[in-house]
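*Asks:* For reference, the structure I am asking about is given below.
Just so it is clear, none of the values below were taken in a lab; they were calculated from the coordinates. It should be emphasised that the depicted structure is a prediction, and the values quoted were computed from it without experimental measurement. Cβ sites come from the backbone with ideal geometry, for glycine too, and all protein chains shown count toward neighbours.
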Amino acid sequence: MELPYAEPYKIKMVESIKRSTKEQRLKWIKEADYNLFNLSSDKVFIDLLTDSGTGAMSDKQWGEMMVGDESYAGSSSFLKLKEVVKNITGFKYFLPTHQGRAAENVLFSALVKEGDVVPGNSHFDTTKGHIEFRKATAVDCTIDEAFDTSIIHPFKGNVDLGKLEKVLESHPKEKIPFVILTITCNSAGGQPVSVENVKEVSKLCKNYGVPLYFDSARFAENAYFIKKREPGYQNKTIKEIVKEVFSYGDGMTISAKKDGLVNMGGFIALNNKEVFKQATVFNIMYEGFITYGGMNGRDMGALAVGLDEATEFDYLESRVEQVAHLGKKLVEYKVPVLQPFGGHAIFLDANKFVPSIPREEYRAQALAIELYIVGGIRGVEIGTVLADRDPFTRKNRFPDLEMVRLAIPRRTYTNNHMDYVAATLKNIFDTREEAKSGYEITDEAPIMRHFTVKFRKI
């Protein structure tokens, strides 16, 4: 018989997680103003709020934690990380930051001005937030296939070249500081971008004299999909694919809390010396000296190892296939999910799951809350709440997709946990006709409201 798949690691340490009753969870979520971010972790059974900094580190990473050099300037941990970043990405210049949004803040402070336009493929919340905070505009140029959860397309994160060229044509290049390409594309459901698309985007950018940057939080997972799906890459290593993808761009930001396999960290990597010098000023202002940038030496050491581990095929196969395991179970149960499955998360299609709840009552948020109440599982809304209000009209922006993201932490949960999640969702789906109303907002921040927003049940 064919041997079943087995994870390429064994478990060395475990952490207890608490169970609770439905009655307790009803009380807790009300006290949290129906915002899942407000729950303390001990009130959550399976935490799929995010895959950012929530994964498990390897024994080799923990070994680096013990030998980290905590020198303020020029630590050996920094030099080790700098060398790994150069080897994996190919970029010449490197600035550490404490996480991805900090990297965006530093780089965008140097490059983005009021009135600018920044095209890309479905900017995520922090990216769009940093752009709009500077009174600039983020323009979504993702292919239309990304917005139909039932269409099977191997690279739903791809940029629509026609949409992008229209933006590049209609604005002077001085008003477009860069194009940003998110790999994988989180807001489109953790969907990958092909090498062919990266090359074409790069060519367009060069034709119009506009730099190309990558939001690289899940760059390794993107490379895995390229190896599995794109012709001509089956025999290439993950590291070879990563190096090629980055060769078409001018720089990158990264939340290393994803494909860096660490709990805290990020960085900027660049080829342009002048941009590096500009970013250095803001890095010192916001993050710390340029050889630590908000990170401990031990964290930089762990990240150096994590980047190497994350770009190995065996690890990525285990990681992406666990996500697919949950997705296949949900499809089996006829629960509506975004297909093909993303690399880091399963996205529930709330428009198909609970169409009876009006969009104005935040149906995806209502579904996320129900998942917590029924099963103690914490996901996150990727829909109208996250889309925020239009910065000029202050009206809700209603995106094409209303989703609940179930982000799977790396090397953390077993497939038994995934089966529990799937069974919980099947039970909710079977009773979906009972869902008639959602929630209204009682308090919200002017930007990136989803983190601290308060709701009332209607």
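*Asks:* Quick check on segment 175-262: take the gyration tensor over C-alpha atoms, sort the square-rooted eigenvalues as a ≥ b ≥ c, and tell me if it's rounded (a/c under 1.5), prolate or oblate.
*Replies:* Note, shape of segment 175-262 comes out oblate.
*Asks:* State to the nearest 20 debye the size of the charge dipole of the chain about its Cα centre, where the only charges are +1 on K and R beta carbons and -1 on D and E beta carbons.
*Replies:* The dipole of the chain has a size of about 360 debye.
*Asks:* Kindly put His325, His123 in sequence by how many other C-beta atoms sit within 10 Å of each C-beta, fewest to most.
*Replies:* His325, His123
*Asks:* Still on this structure: Take Asp308, Asp349 and order them by how many other Cβ atoms sit within 10 Å, fewest up front. If you can, show how the numbers build up before the last one.
*Replies:* Details: Asp308 17, Asp349 23.
Exposure proxy ranking, most exposed first: Asp308, Asp349.
*Asks:* One-quarter of the Cα convex hull surface for segment 59-310, in nm²?
*Replies:* Dividing the Cα hull surface by four gives the mean projection, 12.8 nm².
*Asks:* May I pose another question? May I ask you to list the chymotrypsin sites (Phe, Trp or Tyr not before Pro) in segment 1-50 that are in a DSSP loop and have at most 12 other Cβ atoms within 10 Å of their Cβ?
*Replies:* Tyr5
*Asks:* Determine the distance separating the Cα centre of segment 153-215 from the Cα centre of segment 323-338; give it in Å without decimals.
*Replies:* When both Cα centres are located, 30 Å separates them.
*Asks:* To continue, here is another question. Per-residue HN-Hα couplings for segment 222-235, Karplus 6.51 cos²θ - 1.76 cosθ + 1.60 at θ = phi - 60°, whole Hz, x for Gly and Pro?
*Replies:* Result, ordered by residue: 4, 5, 4, 5, 4, 4, 7, 10, 9, x, x, 10, 4, 9 Hz.
*Asks:* May I pose another question? Using a Cα-Cα cut-off of under 17 Å, which aspartates and glutamates could be cross-linked to Lys203, ignoring same-chain neighbours fewer than 8 residues away?
*Replies:* Here the aspartates and glutamates satisfying the reach criterion relative to Lys203 are Asp160, Glu165, Glu169, Glu244, Asp250.
*Asks:* If you don't mind, there's one more thing I want to ask. For the cross-link pairs Lys82/Lys277; Lys166/Lys228; Lys228/Lys329, which exceed 24 Å when the distance is taken from alpha carbon to alpha carbon?
*Replies:* Check vs 24 Å cut-off fails for Lys166/Lys228.
*Asks:* How long, wide and thick is segment 47-95, going by the Cα atoms along their three principal axes, in whole angstroms, largest first?
*Replies:* Dimensions of segment 47-95 along the principal axes of its Cα atoms: 37, 27, 19 Å.
*Asks:* Also, quick follow-up: Which order results if Ser77, Ser216, Ser437 are arranged by neighbouring Cβ count within 10 Å, fewest first?
*Replies:* Fewest-to-most Cβ neighbours within 10 Å comes out as Ser437, Ser77, Ser216.
*Asks:* Among Lys22/Lys454; Lys60/Lys156; Lys86/Lys135; Lys92/Lys236, which pairs are too far apart, with a Cα-Cα distance over 26 Å?
*Replies:* From the list (Lys22/Lys454; Lys60/Lys156; Lys86/Lys135; Lys92/Lys236), the Cα-Cα distance tops 26 Å for Lys60/Lys156; Lys86/Lys135.
*Asks:* Taking only C-alpha pairs under 8 Å that are 6+ residues apart, what is the relative contact order of the chain in percent? Provide the component values of the computation, followed by the final result.
*Replies:* On the way: 948 pairs, mean separation 103.9, N = 458.
Relative contact order for the chain comes out at 23 percent.
*Asks:* In percent, how large is the relative contact order of segment 59-310, given Cα pairs closer than 8 Å and 6 or more residues apart?
*Replies:* Result for segment 59-310 is 33 percent.
*Asks:* A further question on this structure: How are the C-alpha pair distances of the chain spread across 20 Å bins, as whole percents from the shortest bin up?
*Replies:* 25, 59, 15, 0
*Asks:* For segment 120-131, take each phi angle, set θ = phi - 60°, evaluate the Karplus expression 6.51 cos²θ - 1.76 cosθ + 1.60, and give the result in whole Hz per residue in order, putting x for glycine and proline.
*Replies:* My calculation for segment 120-131 gives x, 10, 6, 3, 7, 4, 5, 4, 4, x, 5, 5 Hz in order.
*Asks:* What residues have an amide H closer than 5 Å to that of Thr142, excluding those fewer than 5 places away on the same chain, when H is modeled at 1.01 Å from N in the peptide plane?
*Replies:* Ser122, Asp160
*Asks:* Of the DSSP beta bridges with both residues in segment 59-310, give the percent that are antiparallel, rounding to the nearest 5.
*Replies:* Just about 50 percent of them are antiparallel.
*Asks:* Longest span of the chain, sites excluded, free of trypsin sites (Lys or Arg not before Pro) in DSSP loop with at most 14 other C-beta atoms within 10 Å?
*Replies:* Values: sites that count: Lys10, Lys12, Lys18, Arg19, Lys92, Lys113, Lys135, Lys334, Arg394, Lys395, Arg397, Lys436.
The longest uninterrupted stretch comes out as 136-333.
*Asks:* Here's something else I'd like to know. Which three numbers, in whole Å and largest first, are the semi-axes of the equivalent ellipsoid of segment 148-203 derived from its Cα gyration tensor as √(5λ)?
*Replies:* 23, 11, 11
*Asks:* Under a 5 Å amide H to amide H cut-off, with H placed in plane at 1.01 Å, what residues pair with Leu181 once short-range neighbours are removed?
*Replies:* For Leu181, whose amide H was placed from the backbone, the distant partners under 5 Å are Tyr213, Phe214, Asp215.
*Asks:* For segment 20-121, state what percent of all Cα-Cα pairs lands in each successive 10 Å bin, counting from 0 Å until the bin that includes the largest distance.
*Replies:* Per 10 Å bin, starting at 0, the Cα pair percentages come out as 10, 24, 27, 24, 14, 1.
*Asks:* Using DSSP to call loops (not H, G, I, E or B), can you name the GluC sites (Glu not before Pro) in segment 11-74 whose Cβ has at most 13 other Cβ atoms within 10 angstrom?
*Replies:* Passing both the DSSP loop test and the Cβ count: Glu15, Glu70.
*Asks:* A follow-up question, please. Please report how far the C-alpha centroid of segment 1-50 lies from that of segment 282-322, rounded to the nearest whole angstrom.
*Replies:* Their Cα centres are 24 Å away from one another.
*Asks:* To the nearest 20 debye, what charge dipole does segment 46-106 have about its Cα centre, counting +1 at the Cβ of each Lys and Arg and -1 at the Cβ of each Asp and Glu?
*Replies:* 340 debye
*Asks:* Would you kindly derive the ³J(HN,Hα) couplings of segment 251-258 from the backbone phi angles with the Karplus curve 6.51 cos²θ - 1.76 cosθ + 1.60 (θ = phi - 60°), listing them in order in whole Hz, with x for Gly and Pro?
*Replies:* x, 7, 10, 8, 8, 6, 6, 9
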